[in-house]
Amino acid sequence: MSETVNDVRTASVAPPLGTVPAVLVRKDADGTVTVEPGTAPVTAPKPNELLVRPAYVGVCGTDIEILHGSMPESFKINYPHVLGHEWSGIVVEAGTAVEGFHPGDRVLGHGHLGGNDWFGVTHDGAAAELFTVPADMCFHIPDEVDMLTAAVIEPFACVLNGLKKIGGISAADTVHVHGLGAIGLNAVIQAVTAGAEVVVFDPSPLRRETAMKLGAAAAINPVETPDTTGAAAAAMGRPFADVVIEASGNSAAQAAALESADHNGRVLLMGVSTPKFAPARLGLVQERNLLITSSTGAPVAVWPAAIRYVANTRLNLGEIVSTVVPFSRGDEALQRAQDSSRETKVMLAPDATNADGAAASSTHKAN
Ligand SMILES: [Zn+2]
């Protein structure tokens, strides 16, 4: 998706008083959680806040968990609230105590409000035509980085953090990626950028095709071909990988990730998992001297590194976005995001973005 939104179009528009269209997460009396279009109040920014007009707001697995009521109890969710924790936008107004941000600045933000409070998860987020956010959660978007890429930095930063934990990837490595959602596809991007040879595994033809466009050397359907190392050997001449990234959370894929790892291999489990029993050859861990670890989320400290990475490489992370849906169809965005056969990453955008035709249309990319 190479088009970029007209970034500064709306920068100087004064905020209207009252309410703006928003995508709301509600909880009914019977406990049913729904995500639907609605309105949210606009307030002037507090002294330490920015008032922001969003460009893009990512829909991610956490949003689906909120919808299904399957978030861990430790997340105290305030209902109703505005959806959206992965975003890019333009500063409309800076609070009186804010330094370093000005109207018109292009910004993105991490989501950590402190403790277990999260912007767009437990509290109001970015899927409103105007929203306020603490300035100390925000970063400038470098000139080299387009607004759609900026809204995908969160999963990119999660992957960067995980790969740092296992010592990174080099051009000497073969990398196997199991599961090609936003995490898996960002792992493909970082492995390809490092010069590694990348083999991917996912049942979805669209996701495999996207990974190939991003530079994967081979793509395998693990449902059709459960012998994943045999399939890798047939495609690449080498059955195993130096680095294995499991990004689906599926038990069978976790077992396959162990099989993928060569002697002294490093295995990174990133897929959000509902632990289930599945046959796995645990003796491989000892026999092949494997390092196995996991990584979840992106600590604040990794965000500037992720932003520098994308600016230095001029990566277009919009390549992994399959659909942009306007706020007025926010419920549809959540439905689409659950359809792995038709979607890679779903984005929300203000309706005006689409009406301008400046961003990608709200329909699917050709696939
Ligand atoms: Zn997320």
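The values are calculated or read from the model by the stated rules, or taken from the named source; none is laboratory data. Keep in mind that what you see is a predicted model, and the values were worked out from it rather than measured. For neighbour counting, all protein chains shown are included, and Cβ atoms are generated from backbone atoms with ideal geometry for every residue, glycine included. Note: accessible area is taken over every heavy atom of the protein model, side chains too, but ligands, DNA and RNA are not part of it. Shrake-Rupley method; radii C 1.70, N 1.55, O 1.52, S 1.80 Å.
P(r) tail, the chain: Cα-Cα pairs separated by more than 27 Å, 46% of all pairs. Across all directions, the average flat footprint of the convex hull enclosing the Cα atoms of the stretch 60-209 is 11.2 nm².
Considering only protein heavy atoms and a 1.4 Å probe, what is the carbon-and-sulfur percentage of the accessible area of the chain?
Reported share for carbon and sulfur atoms: 53 percent.
Ligands, DNA and RNA aside, T225 has an accessible area near 50 Å² when probed at 1.4 Å. On alpha carbon coordinates alone, what is the Rg over Rh value for the stretch 19-138, Rh being the Kirkwood radius? The Rg/Rh ratio comes out at 0.97. Where both bridge residues fall in the chain, DSSP classifies roughly 55% of the beta bridges as antiparallel. Could you tally the net charge around R288, taking each other residue with its Cβ under 14 Å from the Cβ of R288, Lys/Arg +1 and Asp/Glu -1? With Lys, Arg at +1 and Asp, Glu at -1, the net is -2. Of the GluC sites (Glu not before Pro) found in the stretch 45-118, those that fall in a DSSP loop while having at most 14 other beta-carbon atoms within 10 Å are E73, E99. Residues in the stretch 315-330 carry Karplus couplings, in order, of 5, 9, 6, x, 4, 8, 7, 8, 8, 10, 10, x, 3, 5, 10, x Hz; the curve used is 6.51 cos²θ - 1.76 cosθ + 1.60 with θ = phi - 60°, and Gly or Pro positions show x.
Listed by chain and number, the lysines whose alpha-carbon sits under 24 Å from that of K345, ignoring those within fewer than 8 places in the same chain, are K164, K213, K365. Only lysines eight or more places from K76 in sequence, or on another chain, were considered; those with a Cα closer than 20 Å are K27. With both labels modelled 7 Å from their Cα along Cα-to-Cβ, the T19 to L291 distance reads 5.3 nm. Helix content alone sets the calculated 222 nm mean residue ellipticity of the chain: runs of n ≥ 4 DSSP H residues at -39500 (n - 2.57) each, divided across all residues, give -7000 deg cm²/dmol.
Rg ratio for the stretch 154-294: its Cα radius of gyration over 2.2 N^0.38 Å, N being its residue count, equals 0.92.
For V35, the shell of other residues with beta-carbons less than 10 Å away shows a net charge of -3, using +1 for Lys and Arg and -1 for Asp and Glu. Take every Cα pair under 8 Å whose residues are at least 6 apart in sequence, average their separation, divide by the length of the chain, and the relative contact order is 19 percent.
Placing E332, E224, E246 in order of accessible area, with the largest value first and a 1.4 Å probe, yields E224, E332, E246. In this simple spin-label approximation, A97 and V300 carry label points 7 Å from Cα along the Cα→Cβ vector, and these lie 1.5 nm apart.
Within the stretch 298-332, name every residue whose backbone N is under 16 Å away from a label modeled 7 Å from Cα of T32 along the Cβ vector. From the stretch 298-332, the list is 331-332. Projecting label points 7 angstrom from Cα along Cα→Cβ for A44 and T193 puts them 4.1 nm apart. Once the C-beta distance of A278 and H140 is scaled by a Förster radius of 45 Å, the resulting FRET efficiency is 0.50 to the nearest 0.05. Accessible surface computed residue by residue for the stretch 154-294, with neighbouring protein chains in place and a 1.4 Å probe, gives 41 Å² per residue. Using a probe of 1.4 Å, the accessible surface attributed to V198 totals some 0 Å² when neighbouring protein chains are kept in position.
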